[in-house]
Amino acid sequence: MERNLMQNNAQEQAKSQTVLTKPQLWLLAGAIAIGVACELWMEKDYYFLYSIFWLVALAVFVSLNWKRVVSNKTVIALIVPALILCGILMFDYMNFELLGFTMLAIPALMITIGVFATQEISLKREGKAVVGVLRAAFVKPFSAIGAYFRAYTGVFRAKEGSSAKHGWIGFVIGLPLMVIVLALLASADEGTAKLLGGLFEQFNVWQWFWRIVVVFGTSMLFYSLFYNLTWGKADADLAPVKQNWKFAGPGVTICMLLAAYALFTYVQFTYLFGGTLPVDLTYSEYAREGFGQFLAVTMINFTVLGVSLGKSEPGRGIKAVQTLLIVASLIVLVSAAWRMLLYTGVYGLTIRRVLPLWLMIYFVFLAVVGAVRVYREKTPFLRIGAFALAYWYAAFLCIDWNTLMHTFNAAHGFGG
């Protein structure tokens, strides 16, 4: 009796793994739509179509997880900058030098949306979100490929009279017929051919074969990703970070950094406020030579600050050195900003000079949040910093910098 029960349970489990639900079957249609959008973008290489591709993917995911999305304020807060970036890219309101950043930021935001919508990420446990994003980018698009193929077989094994089965039969029959009809209409009418962008002007079997491969491959990866995010097993919770570092460890490290910054501050006050510069350096050369290093030092400071906030035992001593580290970071930022302003005063504004200044304003904001976190442990330093960066970049792209830079440079005699 017990053996038969175990066999029945095993059969039921196997059946549940092979039989897909209606939403899982309809996901196949959404995944194919994503694949078509991806192929159109790769074919035309338009930034407008790149945005459409990711917006279609977002629409498919939201339709599968509607209740999760609308009830999650964090996810809605992430969708806003994602839509802004897509809109800016769609309507060509984009400085060319920032194009690469934006094209990477959009999928990064989309994956983060998927993780926060389907995983329970509690405050001060954002490490789970980082792991979830990495798994969503490199593991989950491949680990449910079997479900993708089961979806095809499930469509045609659906019960007689089901809407899913009839809908897919109609899609499979209608798609090639639509392609044939469009090809015939394009060859018969010049207006239709122009509207279709010459899609059927030179019909090539191999070209269409590779288009099908792109659609198939893209739909397979997105089906696997969305299947795992929506119905897959939730990622395991990470062990809580223990604040068990004694003051001696992070305290000595931060104090050594502070000693270096004390020397640096003395030198900077001599140069910037004493009216002298290093030998044989002009203001522009002085401004340009160390700016990148300053930004690197600032990032090191905030990394050290973040680790010490998460791992150090709370106490007055560690709070004091953390506060001094934030002050030192602000001094470095002031020096870097002063250098960049000297540089722009000699050569005018370009997007490569405006963006670092904008980034430094973000670091000042991060320093303020860090100071609040030092004295108020419940402040989610990492989460606020990450979300603020997304909005900071989106806000930067919304400004017509070309007009502003042209106006500034013309007013200060740097030419058109």
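Where a number appears in this text, it was derived from the coordinates with a stated rule and is not lab data. Note that the structure is a prediction, hence the values are computed from the model and not measured. Positions of Cβ are backbone-derived with ideal geometry, glycine not excepted, and every protein chain shown enters the neighbour counts.
Below, the figures for the structure above:
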| quantity | calculated |
| --- | --- |
| Against the rule of thumb 2.2 N^0.38 Å, how large the Cα Rg of the stretch 301-388 comes out | 1.25 |
| Burial ordering of 145, 32, fewest other beta-carbon atoms within 10 Å first | 145, 32 |
| 227, 362 arranged by Cβ crowding within 10 Å, fewest neighbours leading | 362, 227 |
| J(HN,Hα) series, the stretch 398-410, from Karplus relation 6.51 cos²θ - 1.76 cosθ + 1.60, nearest Hz, glycine and proline x | 6, 8, 7, 5, 4, 5, 5, 5, 4, 5, 4, 5, 5 |
| Cα→Cβ-extended label distance, 7 Å offset, between residue 319 and residue 377, nm | 1.1 nm |
| Modelled FRET efficiency - R0 60 Å, residue 311 with residue 212, Cβ distances, 0.05 increments | 0.70 |
| Cβ-based exposure ranking for 316, 339, 211, in which fewest neighbours within 10 Å come first | 316, 211, 339 |
| In order through the stretch 127-141: 3J(HN,Hα) via Karplus (6.51 cos²θ - 1.76 cosθ + 1.60), integer Hz, x for Gly, Pro | x, 5, 5, 4, 4, x, 5, 5, 5, 5, 8, 10, 10, 5, x |
| Label point at residue 358 placed 7 Å out along Cα→Cβ; residues across the stretch 62-78 whose backbone nitrogen lies under 20 Å | 78 |
| The stretch 333-416, relative contact order in percent, only Cα pairs under 8 angstrom and at least six apart counted | 35 percent |
| Per-residue HN-Hα couplings for the stretch 377-387 [Karplus 6.51, -1.76, 1.60; θ = phi - 60°; Hz; x = Gly/Pro] | 4, 6, 5, x, 4, 5, 5, 5, x, 5, 5 |
